[in-house]
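Structure, as structure tokens:
Taken together, the values in this text are just the output of simple stated rules run on the coordinates, not laboratory data. Because the structure is a prediction, the values reported are computed rather than measured. Please note: Cβ atoms are built from the backbone with ideal geometry, for glycine as well, and neighbour counts cover all protein chains shown.
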Amino acid sequence: MKNKIKILAVSLALTAILFSCESNTENKPTTENKETAGHSHGEEKKEGSVCGIPLTPEDSTAYFNPTLEIKGEVENKLKLTVDSLKQMNVLTVDSFTVVCQSGATTSESVQFKGVLLKELLEKAKIIQHGHKDRNFYIVAQATDGYKATFSWAEIFNNPTGENTYVIFEENNAPIRKGAYVLNTTNDIKTGPRHVYWLKSIEVFRVN
């Protein structure tokens, strides 16, 4: 009888431990929940939201930047405005859809107007010591800290140079997410290098 009571007590104790472990597992935050924190460019799940987090008017105000800087390893540092971009060689693209890294379409096709990044860099003039001096990379940065990178060869010796735009207008209206957005239309997944709230383009030399 004593042995049966001991066995029963052990069984009840194990049951209590298992129940406690299952309860703790159910209460732990999932990876999906953790990934919804913060802004991630090109990862919109629905209009007006990023990673499922609604974009408020305060977001647009906080991250809005009226000027775009071209700086770094360039001879002519530039501070551009929407009006100055409109005076350049403005191109219109009739269709652009943001596709995130997972393959999901996150933004419907839009028409946009902008200037090639290549032309802006040519205007700023990268500092090169001879025609073989080509080891540079270009960083496009948003006011919320997001960055996208390009190599010199991508912009000046690749079709990407003819497909990367700094845009200032979507669907015949000013952009809602800052004054400027960078789009690279020939990327397979366009989201990672779709930079809204764009504030600067900086050229770095590879040492």
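Numerical summary
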| read-out | value |
| --- | --- |
| Residue among Val203, Val195, Val181, Val139 that alone is farther than 18 Å from Tyr63 by Cβ and of a type in the set (A, V, I, L, M) | Val203 |
| Tally of residues being touching a Ser or Thr at 6+ places or on another chain (Cβ under 7 Å) and among the hydrophobic types (A, V, I, L, M, F, W, C) across the range 183-207 | 1 |
